[in-house]
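Working notes, beginning with the structure itself.
No value in this document is a laboratory result; all are computed from the given coordinates. Everything quoted here is computed from the prediction, not taken from an experiment. Because the Cβ atoms are built from the backbone with ideal geometry, glycine has one as well, and the counts that use them run over all protein chains shown.
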Amino acid sequence: MTCLQLFRQAGARTALLDCLDPTWSDVDWPGSKGYHTGNYPKVGLEKPGCLQRVPRQYSRYGLPQAAVSTALSRLRPLPDLVVVTSIMTYWYPGVLAAIELVRSIYPKVPIVLGGIYATLCPVHARQNAGADLIIQGPVEDESNWRRIWRLLQETPPQIPGSSHARPALDLYPEPGFSILLGSRGCPFHCAYCASDILNPGFSQRSLKEVKSDLRPEMERGVKDFAFYDDALLVKSGTWLIPLLEELVADGASIRLHTPNALHVRFLSPKVCKLLRQAGLTTVRLGLETADFSERRDRKLCGREWEEGIRNLFAAGFRSEQIGAYILFGLPGQDPEEVVQAVNFAKRYRIRPHLAHYSPIPGSRLFAEAKKYSPYPLEEEPLFQNNSIWPCFKGGFTWQAQTYWKGLVAY
Ligand code: SF4
């Protein structure tokens with residue numbers, strides 16, 4: 001979406017095809033899980049050969065291929081360029097299928113592939129995706145921007161706007177929810193996380209820029225806003241606190257959600273009170289482990305946890321609004337560590353959520369993951385799928401799944 005916005009600002013006419021957008025009237029969409037999250041239509045697929053022994057269903061989610069094909073075929077005028085994004089590395093077969101479909105409909109139109117898979121697995125993407133150009137990192141990076149325009153055999157215009165492109169949210173006709181992104185990257189550099197690779201460094205937008213995304217969406221009647229920042233509470237004085245203060249002063253009637261974990265160490269009484277008053281409804285925290293002396297990161301200590309949780313409850317948040325992510329299936333991790341973290345969260349009246357580990361190429365923990373996993377993680381991104389528990393001893397089984405589900409029940 002940010003890519004589209006940049007092209008629009010550069011004078012291009014754009015069209016967005018979001019295969020997870022539930023506003024397609026002719027597609028039977030399953031009910032939402034609440035606050036416009038999930039579920040999506042899915043179709044069961046034949047498992048790739050290398051996953052035959054994994055006892056799970058293999059499916060593709062989103063719009064049926066026929067609906068996508070029809071929409072693309074009807075587009076007039078024909079596009080000069082198709083830009084495909086990608087998310088999880090192990091979802092690449094869907095990306096390849098999308099590119100193949102586009103190619104079959106517009107054989108002469110150049111295709112650019114970007115996004116997370118393209119950034120983390122560029123060699124694999126170059127060898128397999130069938131795109132004319134693979135870009136790594138944000139499209140507003142000078143070199144990416146130039147390469148795209150060179151592909152079109154045009155002189156690149158000046159990159160419009162600031163170093164943070166804004167999402168083209170207005171292209172959604174009836175948005176049930178919207179997203180907010182006021183920063184990129186995270187200063188904590190955890191060894192198991194992709195943030196550092198996808199967005200090296202930590203940078204923030206201004207209050208004015210974030211408001212220019214939020215206000216039009218509020219005026220369109222959107223009630224649910226999810227922050228996508230990796231480090232929302234870092235340097236919160238730059239834009240977050242002033243924004244929350246404005247929302248409170250205006251008496252805005254919206255719900256805020258933080259699906260990416262908040263840093264508990266920054267949950268001061270003031271921040272908690274403002275978040276609560278401004279409408280924060282879904283609170284997710286990065287606990288990861290209860291073993292504070294042997295953590296794999298530097299983002300939290302026991303005292304900060306105690307204080308942060310106390311401040312959340314003192315601000316009026318209810319137990320059922322708060323969940324904590326706990327890392328599960330790390331290379332060499334003793335499952336007892338996970339059990340202890342689950343029980344620890346429950347003692348504080350916080351719902352535990354297992355965050356299943358996905359080995360991320362380029363992350364500092366990837367070398368260790370390769371040692372522990374029985375799968376060739378580097379050669380085949382399908383094995384980076386956290387659903388197969390690639391580094392958990394014994395891998396995924398339904399019996400183990402039942403045990404862990406029962407343990408986290410709250
Ligand atoms: S604190 Fe969270 S977002 Fe930041 S690097 Fe660690 S896991 Fe990633």
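Determine ³J(HN,Hα), in whole Hz, for all residues of segment 391-400 in sequence, where each value follows from phi through the Karplus function 6.51 cos²θ - 1.76 cosθ + 1.60 and θ = phi - 60°; x replaces Gly and Pro.
Coupling constants for segment 391-400: 10, 7, 4, x, x, 6, 9, 5, 5, 5 Hz.
Between Ser293 and Lys370, take the C-beta separation as r, use R0 = 22 Å, and let me know the FRET efficiency to the nearest 0.05.
Taking R0 as 22 Å, the efficiency between Ser293 and Lys370 is 0.25.
Straight-line reach from Lys235: which lysines fall under 23 Å, measuring Cα to Cα and dropping same-chain residues less than 8 apart?
Filter leaves Lys208, Lys211, Lys270, Lys273, Lys299.
Among residues other than Pro374 whose Cβ falls under 15 Å from its Cβ, what is the net charge (Lys/Arg +1, Asp/Glu -1)?
0
Looking only at segment 175-408, where both bridge partners belong to it, what percent of the DSSP beta bridges are antiparallel (to the nearest 5)?
Here the antiparallel bridges make up roughly 10 percent for segment 175-408.
Would you kindly derive the ³J(HN,Hα) couplings of segment 315-323 from the backbone phi angles with the Karplus curve 6.51 cos²θ - 1.76 cosθ + 1.60 (θ = phi - 60°), listing them in order in whole Hz, with x for Gly and Pro?
7, x, 5, 9, 3, 5, 8, 10, x
As a footprinting exposure proxy, order Glu245, Glu46 by other Cβ within 10 Å, with the fewest listed first.
Final ranking by Cβ density, sparse to dense: Glu46, Glu245.
Using the 4.7 Å Cβ rule, please list in number order the cysteines from the chain without any candidate partner.
Flagged as lacking a Cys partner: Cys3, Cys19, Cys50, Cys121, Cys186, Cys272, Cys301, Cys391.
Using helices alone, I'd like the mean residue ellipticity at 222 nm for the chain: each DSSP H run of four-plus residues gives -39500 (n - 2.57), total over residue count, nearest 500.
-9500 deg cm²/dmol
Leu75 to Arg220: extension gain in nm, 0.36 nm per residue of separation minus the Cα-Cα distance?
49.6 nm
What net charge is computed for the residues neighbouring Ser59, neighbours being all others with C-beta under 13 Å from the C-beta of Ser59, Lys and Arg scored +1, Asp and Glu -1?
With Lys, Arg at +1 and Asp, Glu at -1, the net is +3.
Residue-wise, which Karplus ³J(HN,Hα) couplings in Hz belong to segment 374-386, taking 6.51 cos²θ - 1.76 cosθ + 1.60, θ = phi - 60°, and x for glycine or proline?
x, 9, x, 4, 6, 6, 10, x, 4, 7, 7, 6, 5
How do His189, His257 rank when sorted from fewest to most other Cβ atoms within 10 Å of their own Cβ?
Listing His189, His257 from fewest to most nearby Cβ atoms yields His189, His257.
What is the order of Trp145, Trp398, fewest Cβ neighbours within 10 Å to most?
Trp398, Trp145
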